[in-house]
């Protein structure tokens, strides 16, 4: 009997991302996709989309996903991993359902999903799983064969995610004026979410203040701050802060906002700051606008020198981390014991999201979890 490939039982990897407009005419239709069901008037969406128009109506995220696809395919090929990589988006072309149709037409039956969100939360994990369930339901309604879809575990503390962020932080520090460098503060940034969503992020037994969402970000921030201290001999003060709030003002969201934090640093006499966007995989619009435009302008008003660390993007170490996670999950599905790579205090995340993990406000089917309406049992399970 021929030996199984290292990626067996999987025969495809799906890169699943948010999507973004690729021209001015795409902006409002894209935002209509993002906000579907909320009844937001078209004129309001034009106002919301103003930051896209500042960049020609083009979000960087699709180009960055193409770069990541190239990096993954290159890494896989160089390491003899004959696993095709597909790409689908939640809110713009290539749409997820279309990509799953392509996967089904190509005869793929076991699919691993890499979501471009490293942390536990409703919007960063379960909503992707709900979108997978919606797309599978569409295929089922069309009478198409359904591939079995699993999702890679959270990778926020994988060395291939953390170490590029360490190097990016050191590079950003080096951009600051030399006289301000040693006293610079590190502002680790991530997307703000409602506190209620943060409190219920992760498995139900861990729900509480901030939930897994805050705990995971704090763990990564500590890892990076410690690595920077080891590299420079300087212990830089740091704080986890938030950006990109988009909700109603009466609903509590995670704070402080990055701009408010910069004001606090300036008032306290900090000589400089480095913004480290640990909550984002690539330099997409919420990095380019909220940090490089708004927050940088605020720092300029204050006279506070700032630099911004790069995200992991298509770093070869991140591509290698994805390969490691694919092989880890594949071996686990074959019933083999594996060493699961993770830095920090929290250890490796779960493979299968348990019932009650990152719940939605209104229950909806979600694939690739213990509560999936589709079969996600380990191979050979009864």
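The values are calculated or read from the model by the stated rules, or taken from the named source; none is laboratory data. Note that this is a predicted model, so its numbers are computed, not measured. Don't worry about glycine lacking a Cβ; one is built from the backbone with ideal geometry, like all the others, and counts go over all protein chains shown.
Scan region 327-341 for residues that are in a loop (DSSP other than H, G, I, E, B) and closer than 19 Å to residue 114 by Cα and report the count.
2
Kindly indicate whether residue 314 is assigned to a loop (DSSP other than H, G, I, E, B) and under 19 Å from residue 83 (Cα atoms).
Yes: the conditions hold for residue 314.
Any idea which of 335, 303 is surrounded by fewer than 18 Cβ atoms within 10 Å (Cβ to Cβ) and in contact (Cβ under 8 Å) with a residue 40 or more places away in the chain?
Of the residues listed, the single one that is surrounded by fewer than 18 Cβ atoms within 10 Å (Cβ to Cβ) and in contact (Cβ under 8 Å) with a residue 40 or more places away in the chain is 335.
Could you check residue 360 against (1) in contact with a helix residue (DSSP H, G or I) (Cβ under 9 Å, 6 or more places away or on another chain); (2) at pLDDT 95 or above; (3) outside the structural domain of residue 207 (by TED's automatic domain parsing) and say which number it fails?
(2)
Looking at 198, 215, can you tell me which residue is part of a helix (DSSP H, G or I), at pLDDT 95 or above, in contact with a helix residue (DSSP H, G or I) (Cβ under 9 Å, 6 or more places away or on another chain) and buried (at least 23 other Cβ atoms within 10 Å of the Cβ)?
Result of the check over 198, 215: 198.
Could you figure out which of (1) out of contact with any helix residue (DSSP H, G or I) (no Cβ under 9 Å at 6 or more places or on another chain); (2) within 27 Å of residue 34 (Cα to Cα); (3) not in a loop (DSSP other than H, G, I, E, B) isn't true of residue 245?
(3)
Table: residues versus (1) over 17 Å from the mean Cα position of the chain (by Cα); (2) part of a strand (DSSP E or B); (3) over 16 Å from residue 119 (Cα atoms); (4) assigned by TED's automatic domain parsing to the domain that holds residue 270.
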| position | (1), (2), (3), (4) |
| --- | --- |
| 163 | no, no, yes, yes |
| 167 | yes, no, yes, yes |
| 170 | yes, no, yes, yes |
| 180 | yes, no, yes, yes |
| 186 | yes, yes, yes, yes |
| 189 | no, yes, no, yes |
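Since residue 294 meets every condition but one in (1) crowded, with 19+ Cβ neighbours inside 10 Å; (2) under 24 Å from the mean Cα position of the chain (by Cα); (3) in a helix (DSSP H, G or I), which condition does it not meet?
Here residue 294 meets the rest and fails (1).
Would you tally the residues in region 142-156 being touching a residue at least 60 places away in the same chain (Cβ under 8 Å) and touching a helix residue (DSSP H, G or I) at 6+ places or on another chain (Cβ under 6 Å)? I'd like the intermediate steps shown before the answer.
From region 142-156, those touching a residue at least 60 places away in the same chain (Cβ under 8 Å) are 146-156; that's our starting set.
Next cut, touching a helix residue (DSSP H, G or I) at 6+ places or on another chain (Cβ under 6 Å) only: 146-147, 149, 152, 155-156.
Looking only at that region, the number is 6.
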